[in-house]
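*Asks:* One structure follows; several queries about it will come next.
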Amino acid sequence: MRNLLTLLLLAASSVAGAAPAAPVCGPTDLSLGMLSNFATTERYAEACGVPKSAIEREITSSVKLLRACLEARGVPAAKIDQSLQNGAKLADQFLPQAQKDPAFCPRVKGGFGKAG
């Protein structure tokens, strides 16, 4: 998943016309949206029993990277936190219905490879 994040960030920065730099964030709105998606996925992973070590490796580390990027750009911490909260709320809203699908947790766990 980290490789996917790197590719998305590089693609976003090239679309925005930015020269690749470390760390590469991509457009602020895209990065905030990605944070929200990571928070949603993290909530789903926890609910489906994905090991914490896999969540840390695949999601939490990516969230830390995006947070650092956004903070370096001057995005207020409150706005970053709000994106994470929105993603978690979305997951909480849809999780009861999603868990009715017998394929839901296997799909979520599959996204974490052998660790899932």
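*Asks:* What is the residue count in the stretch 28-53 for residues that are out of contact with any Gly (no Cβ under 6 Å at 6 or more places or on another chain) and either among the aliphatic types (A, V, I, L, M) or within 17 Å of Pro106 (Cα to Cα) (or both)?
*Replies:* Within the stretch 28-53, residues that are out of contact with any Gly (no Cβ under 6 Å at 6 or more places or on another chain) and either among the aliphatic types (A, V, I, L, M) or within 17 Å of Pro106 (Cα to Cα) (or both) number 15.
*Asks:* Could you identify the single residue in Ala12, Ala18 that is in a helix (DSSP H, G or I) and at pLDDT below 85?
*Replies:* Values: Ala18 fails: in a helix (DSSP H, G or I).
Only one candidate passes the filter, namely Ala12.
*Asks:* Quick one: how many residues across the stretch 50-76 are crowded, with 18+ Cβ neighbours inside 10 Å and among the hydroxyl-bearing types (Ser, Thr, Tyr)?
*Replies:* Selection size over the stretch 50-76: 1.
The values are calculated or read from the model by the stated rules, or taken from the named source; none is laboratory data. Just so it is clear, the model here is predicted, and its values are computed rather than measured. Please note: Cβ atoms are built from the backbone with ideal geometry, for glycine as well, and neighbour counts cover all protein chains shown.
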